[in-house]
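Notes to accompany the following structure.
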Amino acid sequence: MFLHGTSKINENGHLEIGGCDTVELAEQFGTPLYVYDEQLIREKAREFVRAFEESGFAYQVAYASKAFSTIAMCELAAEEGLSLDVVSGGELYTALKAGYPADKIHFHGNNKSQEEIAFALDENIGCFVVDNFLELELLHQMAAERNQQVNILLRLTPGIEAHTHEYISTGQEDSKFGFTLSNGHALKAIETALDKSYYRLLGIHSHIGSQIFDSDGFIATIHVLFRFLMEVREKTGFEAGVLNLGGGFGIRYTEEDTPLPVSEHIQAMTKTIRSLFEENDYPLPEVWIEPGRSIVGEAGTTLYTVGSIKDIPGIRKYVAVNGGMTDNLRPALYQAKYEALLANRAGEEATEQVSIAGRCCETGDMLIHDIELPEVRHGDILAVLATGAYGYSMSNNYNRFRRPAVVFVKDGRAELVVKRETYDDITRNDCSIKNTVSSK
Ligand code: LLP
């Protein structure tokens, strides 16, 4: 068992995070509860910033807020000087409500609505990452109507896909995102953007995948993008000022996960960029990245209370907790693996193998298969580790369960940053069909 950040087992044999006893947190705030180690989030953000400072490159580290978007998280990212990647009106609204400097916000998405584009233009955000030809026309038209200059990057599909320690060059570039390089769309998009007077084309963007453990995929992408930039310069004279390499830096969910430290990713990327660009007399671009998971993933822990236990001798022992695929969709959606421990008996030896079930009416609602724990009892507090990314942000109300609360913990203090949903929240948008006048 490994623990992240400030997590440790305290003198009571309880899991402690940020100086707070998680058993007390469970009592105070109820369960399920997402607990974030604030110091660890800040350390992760600073690790990226430090690596770029050492590289000598101009840079932006844009936190990909889809991993965990709340007002408090946006406030924290802003305090750390990060830029922010948003992909929807909702994420943009959250950021602005947190007082995020609009000029540090980058707007992504493969199908931004007119309403969202108008919202972002009104707020004068830092840059749009334009994904497709429709958007390239629409955004420009809307900018022209407002007589407003817009910074854009073009999202390109370099034909490289990376997951964990594998990357593949995908010849057919089968992706719903971005302008394809190999079929000429990317070049056409650049030419179109350069032709449009309300656009300030800053450069190009690509994102090759998630939970990437080593740098090979990023390096291969840099080579492909650089070849493209050379072609663009030859054909149009345009030189990119920004190279945005997206997010995807892997984290440690279980002991088998061995991600490269982020500083090494950044070193490898910036070294490659420097040598390629300098060798070819291409001005060094600003390097932008968009980490999501690697900033918040390891900092999050979910606390559950153990309920029913069903032992089927010779087959499996199911331990049901009071959450599941409603607060962590990843095991059901991706067969994602997690580690867990009993927060109230964290120092005890594991004596049995159990499987952790959620409480949704769905056989596939299992959080962990085959985990070794001390003998689990009704009322124990189970802590599932590294749930900080795409946990709360993908949570849902299936079976009309209420979304859990979120607390930030630091130096022995716990701060409620998202309240637990109420039953009124659950029915807030429902309309009754009684007492309504028929439209017939
Ligand atoms: N930039 C772009 C354009 C992206 O599409 C993404 C993630 C990121 C940055 C941040 O990637 P990260 O550093 O967090 O890996 N729900 C899935 C992950 C979906 C990621 C989508 N895009 C999961 O739970 O694993």
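The values are calculated or read from the model by the stated rules, or taken from the named source; none is laboratory data. Because the structure is a prediction, the values reported are computed rather than measured. Every residue, glycine among them, receives a Cβ derived from its backbone with ideal geometry; neighbour counts consider all protein chains shown. These accessible areas exclude ligands, DNA and RNA; they are computed on the full protein's heavy atoms, side chains included. Shrake-Rupley method; radii C 1.70, N 1.55, O 1.52, S 1.80 Å.
Of the listed requirements (1) touching a Pro at 6+ places or on another chain (Cβ under 8 Å); (2) among the hydrophobic types (A, V, I, L, M, F, W, C); (3) under 19 Å from T302 (Cβ atoms), A350 misses just one: (3).
Within 16 Å of the ligand (Cβ to nearest atom), of a type in the set (A, V, I, L, M) and at pLDDT 95 or above, is that true of L341? In short, no. Is it the case that segment 279-288 has a residue that's more than 15 Å from the ligand (Cβ to nearest atom), open to solvent by 10 Å² or more (accessible area, probe 1.4 Å) and free of Cβ contacts under 8 Å to residues at least 24 places away in the same chain? The answer is yes; a qualifying residue exists. Tell me, yes or no, whether segment 261-275 has at least one residue that is assigned to a loop (DSSP other than H, G, I, E, B), more than 16 Å from the ligand (Cβ to nearest atom) and over 20 Å from Y334 (Cβ atoms). No; the residues of segment 261-275 include none that is assigned to a loop (DSSP other than H, G, I, E, B), more than 16 Å from the ligand (Cβ to nearest atom) and over 20 Å from Y334 (Cβ atoms).
Quick grid of which residues meet (1) under 22 Å from K235 (Cα atoms); (2) surrounded by 15 or more Cβ atoms within 10 Å (Cβ to Cβ):
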site: F107; (1), (2): no, yes
site: D122; (1), (2): no, no
site: V130; (1), (2): yes, yes
site: H140; (1), (2): no, yes
site: S169; (1), (2): no, no
site: F179; (1), (2): yes, yes
site: Y198; (1), (2): yes, yes
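When segment 104-115 is filtered for residues that are over 20 Å from the mean Cα position of the chain (by Cα) and outside any loop (DSSP other than H, G, I, E, B), the ones remaining, listed by number, are Q114, E115. When each of E145, E161, E191 is tested for being within 26 Å of the chain's Cα centre (by Cα) and open to solvent by 30 Å² or more (accessible area, probe 1.4 Å), the lone residue that passes is E161.
Here's the yes/no breakdown for (1) modelled with pLDDT of 95 or more; (2) aliphatic (A, V, I, L, M); (3) under 24 Å from P291 (Cα atoms); (4) assigned by TED's automatic domain parsing to the domain that holds L181:
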{"residue": "K112", "(1), (2), (3), (4)": "yes, no, yes, yes"}
{"residue": "L121", "(1), (2), (3), (4)": "yes, yes, no, yes"}
{"residue": "N124", "(1), (2), (3), (4)": "yes, no, yes, yes"}
{"residue": "V130", "(1), (2), (3), (4)": "yes, yes, yes, yes"}
{"residue": "Q141", "(1), (2), (3), (4)": "yes, no, no, yes"}
{"residue": "Q148", "(1), (2), (3), (4)": "yes, no, no, yes"}
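Before we move on, is I309 in contact with a strand residue (DSSP E or B) (Cβ under 7 Å, 6 or more places away or on another chain) and β-branched (V, I, T)? When the stated conditions are applied, I309 passes them.
Specify which of the listed residues (I309, I315) is over 26 Å from the mean Cα position of the chain (by Cα) and touching a residue at least 60 places away in the same chain (Cβ under 8 Å). Exactly one residue qualifies, and that residue is I309.
Filtering segment 290-320 to residues that are away from the ligand (no atom under 16 Å from the Cβ) and acidic (D, E) leaves only D311. Being in contact with a helix residue (DSSP H, G or I) (Cβ under 8 Å, 6 or more places away or on another chain) and open to solvent by less than 30 Å² (accessible area, probe 1.4 Å): is that true of V87 here? Considered against the rule, which asks whether it is in contact with a helix residue (DSSP H, G or I) (Cβ under 8 Å, 6 or more places away or on another chain) and open to solvent by less than 30 Å² (accessible area, probe 1.4 Å), V87 comes out as no. Pairs linking a residue in segment 61-75 that is free of Cβ contacts under 8 Å to residues at least 40 places away in the same chain to a residue that is buried (at least 24 other Cβ atoms within 10 Å of the Cβ), with Cβ atoms under 7 Å and 6 or more positions apart or on different chains, are C74/S65; C74/L84; C74/A95; C74/Y100. The residues of segment 203-218 that are open to solvent by less than 40 Å² (accessible area, probe 1.4 Å) and more than 9 Å from the ligand (Cβ to nearest atom), listed by number, are G203, I204, I208, F213, S215, G217, F218. Residues of segment 100-150 that are β-branched (V, I, T) and within 15 Å of the ligand (Cβ to nearest atom): I105, V129, V130. Within segment 116-161, the set of residues being of a type in the set (G, A, S) and either within 12 Å of R200 (Cα to Cα) or part of a helix (DSSP H, G or I) (or both) comprises A118, A120, G126, A143, A144.
For segment 240-247, the count of residues that are part of a helix (DSSP H, G or I), open to solvent by 10 Å² or more (accessible area, probe 1.4 Å) and at pLDDT 95 or above is zero.
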